[in-house]
1. Can you give me the accessible area per residue for segment 68-177, using a 1.4 Å probe, in Å²?
2. Extension gain THR160-VAL80, at 0.36 nm per residue separation less the Cα-Cα distance, in nm?
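The values are calculated or read from the model by the stated rules, or taken from the named source; none is laboratory data. If you're wondering where the values come from, they're calculated on a predicted model, not measured in any experiment. Just so you know, the surface numbers come from the protein's heavy atoms only, side chains and all, with ligands and any DNA or RNA stripped out. Shrake-Rupley method; radii C 1.70, N 1.55, O 1.52, S 1.80 Å.
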Amino acid sequence: MKLAAVATLFAVICTPLVAHAEEVGEKSESTGVAIAVGATLGSVALMAGGLESDNGGLFTVGLLASTVAPSLGHWYAGDVLTPGLAIRGASAVAVLVGFGQALSCLGAEDATCQEPDSAGFLLAGGLIGYAAGSILDLATTSDAVRDYNARLHIATVTPTMLPSSNGTYAMGVGVGGTF
């Protein structure tokens, strides 16, 4: 329980430092990484606190938070659906199906009920995929922020009408942007 309290206190203290409102413009790679890593570590701390204190609710909150936490740096950069989030979602489904298959014979009175072999593969594959999806999002957060910043520096070319010195208008081309 102490670990959960420390993790919550850390999150409350650090959130205003990291997640402050920024002007429209470039975003910081270090802020994106700090958000993603901090939220991921916070979700792990919640799960550990839940296990340590035998608090299933706290563990569940940490588990649910771990689904989105590694993607928060991408969300900061404007990318809501990430490959890592999709991998974690599919992996969570595999784990749930694996648990369902493993528990299908629990309490069955029929002696012929056997646990399918695929349950272990689904559980192991789902857990490995979940970890891989988390690592993928954390590892690509800086790239997502750099891509966001690169999109800000795009030149715009547009046709325009320009007044001439004799009072008539001439066709022109306007070029604008940030460089």
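1. Ligands and nucleic acids excluded, the figure is 61 Å² per residue.
2. Gain in length upon complete extension: 25.2 nm.
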